[in-house]
Each structure stands twice: as C-alpha cells, then as structure tokens.
Amino acid sequence: MPSHHRTLAIITAALAAAVLYPSTAHAYVGPGAGFAVVGSLAVVFITFFLALGSLISWPFRALRRASAP
C-alpha cells in the first residue's frame, strides 16, 4: 500500500472513531444563547424573504418604470 493511501486510511479511521465513539462532553449553554440564535435566524429569514420579494416584484417594477413618461 503506498504511503499516501495508508495515511489517508489512518486519518479516516481516526475520524470515524472520533465520530462513532465520542466521549462525554460537559458544557453549559446559558439562557442568553437562545436569544442570540433566534435573533440571528430571524435576521437571516427576514433578509431571505425580502430578497425573494424583491426578485419576484422586479419585472413589475421594470415594466412600470418603462411605461412611465
């Protein structure tokens, strides 16, 4: 087996072991983290829908602009 194939096999086995057999993680997530996540997601969703509305309304705005004297 060439050297780079063996290295790739070792890295793949190590990643699989880390994913399949995780150790216990002790962590604390404070109550403020939920507000930060919800606020960030709200901004992303609102921006997405505003951009979508802008794209959908573009042909109508261009037609109105073209027909104006």
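Numerical summary
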{"item": "Probe 1.4 Å, protein heavy atoms only - accessible area per residue of the chain in square angstrom", "result": "94"}
{"item": "In degrees, nearest ten, helix 3-20 long axis to first principal axis of the chain (Cα)", "result": "80"}
{"item": "C-alpha long axis of helix 31-67 to longest principal axis of the chain, angle in °", "result": "40"}
{"item": "Rg/Rh for the chain, where both radii come from Cα atoms and Rh is the Kirkwood radius", "result": "1.42"}
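The values are calculated or read from the model by the stated rules, or taken from the named source; none is laboratory data. This is a predicted model, so every value here is computed, not measured. Ligands, DNA and RNA are excluded from the accessible area calculation, which covers all protein heavy atoms including side chains. Shrake-Rupley method; radii C 1.70, N 1.55, O 1.52, S 1.80 Å.
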